Structure formats: C-alpha cells, structure tokens
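One structure is given below, encoded as structure tokens.
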C-alpha cells in the first residue's frame, strides 16, 4: 500500500499510542485498591456487624443493648450481661477499635473474621445457635498475622535453624539480647543454644540450663490462665481477690 509521509507519521503515532495504552491498562488495573471485606447479608452476618458497631462505640449502654438483643438465653444464663460487659471493657482497652480485614468463614453456626486492632491483628470466632434465630453463644479468638501479607516461603529445617540463629546473633552483638533459645519440632530439639552473660559483674556466660527470672513476662502467663478460667466459667473478671483467696 502506498502511504504519504504525513499519513505514515500519523499511523506510527497511533501505533505508539496503542502500545502505551496496552502498557498502561495493566498497570492501572494492578493499582486498584483491594475491595473491602463484606460480611454476608445473613442473620449471623448482621449480628457480627452489629457487634462491631457496638464495640467501636466503646459505650457500655450500646454493648448492653446489643447483648440483650443478640445473645442466646442459654449464654446469658451461663454468664450474665453485666459480667460480659466487664469482658467488653477489657477487650476495648486491649484492642482499641476494630476494623474488619477479612471474612475467613461465614456459616450459620460460626462466623470467623480477622480484625485490625491497635497493635496488630486478631482472629475472632462468633459462635451462634445452629438453628434460627441463630443468636450469639460465645466469642473466642487469638492473635493472628496481617491477612494481606503473602505466606512466608517454605524452608527446610536446616535453613530455618540458620535463619533463627542469625536473627538472634544480631541483637546479641548489639547487646540487645541475652538468653537461651530452644526450637523444637514434634518433640525433637532443632536448636538449643545460649547467648550472652548470666552475670555481667562476674562475666558468667549463659548456659542452656541457666535459670532465668522471667520478670514481667509472668504477667502474660497469669493473664492467659485467668482468661482460660473465665472461659471455663470457673472465674469472673468481676471476682475480687478476697473471694478467690479468702484466707
């Protein structure tokens, strides 16, 4: 085909523009924000949404109203609303507000979600009556990782041990860690090694059998044990020390 020079320039410009458009469209598509997670439009999904709203108000009356309308009578008889309000206050103090980040599971009897909280992420399970009206029975959960992070790459045991040793050695060199590390799998120790000094004054190195004063870490164990007793119905957050230890 015979094309005049001006038309050839125009054709080349249009082709170049087309190439740029093809390149820009995928880039624009990947830049789109990730859609926000949505709770299902079901009875249980609505109850979880209501809990989020009541929780984020930080208001006792709002949470009391929610619990009275949504908790199963069986659950309230097991743990009265006023006692549950004490748990609500503890959670509010620990979490701050909650932001829905992922809906892991949404069934009639159980809805599992991941929330972003003040310091990290938590996975909460909302357990409901198996039959309508699917009122709330209990809430339980545990800390979790950022659901938007890709899973870590799989490594072999030797690679994992090498990485852990490196992660410990660096803060030891900076005088930020002194202690013993034990890593085991299926009861088999993969790494057992001590770093740093047990006594700076006497220049005594740590050993794998060195006994440590855990200090404030004991508070974590105590809090976990109390939480388990409350969950089992053997203790209440409202109980006084004198009630538990009358002598």
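The values are calculated or read from the model by the stated rules, or taken from the named source; none is laboratory data. This one's a predicted model, so the numbers in the text were calculated from it and none came from an experiment. A quick note on method: Cβ atoms are made from the backbone with ideal geometry, for glycine too, and the neighbour counts reach across all protein chains shown.
The condition (being in contact (Cβ under 8 Å) with a residue 60 or more places away in the chain and either under 29 Å from residue 115 (Cβ atoms) or surrounded by 11 or more Cβ atoms within 10 Å (Cβ to Cβ) (or both)) is satisfied by just one residue among 239, 148: 148. Restricted to helices (runs of 4 or more DSSP H) entirely inside region 42-137, those with at least 3 residues that are within 19 Å of residue 228 (Cα to Cα) and touching a residue at least 60 places away in the same chain (Cβ under 8 Å) are 81-95.
The set of residues from region 94-113 being buried (at least 17 other Cβ atoms within 10 Å of the Cβ) and closer than 24 Å to residue 59 by Cβ comprises 95, 98, 101, 111, 113. Residue check: residue 89 meets all listed conditions (1) more than 12 Å from the chain's Cα centre (by Cα); (2) surrounded by 13 or more Cβ atoms within 10 Å (Cβ to Cβ); (3) modelled with pLDDT of 95 or more but one, namely (3).
Screening residue 82 against (1) within 26 Å of residue 237 (Cα to Cα); (2) crowded, with 16+ Cβ neighbours inside 10 Å; (3) at pLDDT below 95 leaves a single unmet condition, (2).
Looking at this structure, is residue 196 touching a helix residue (DSSP H, G or I) at 6+ places or on another chain (Cβ under 7 Å), at positive phi and surrounded by 10 or more Cβ atoms within 10 Å (Cβ to Cβ)? Taking the combined requirement at face value, the residue satisfies it.
Could you say whether any residue in region 159-175 is closer than 25 Å to residue 59 by Cβ, touching a strand residue (DSSP E or B) at 6+ places or on another chain (Cβ under 6 Å) and surrounded by 15 or more Cβ atoms within 10 Å (Cβ to Cβ)? So far as region 159-175 goes, no, none of its residues is closer than 25 Å to residue 59 by Cβ, touching a strand residue (DSSP E or B) at 6+ places or on another chain (Cβ under 6 Å) and surrounded by 15 or more Cβ atoms within 10 Å (Cβ to Cβ).
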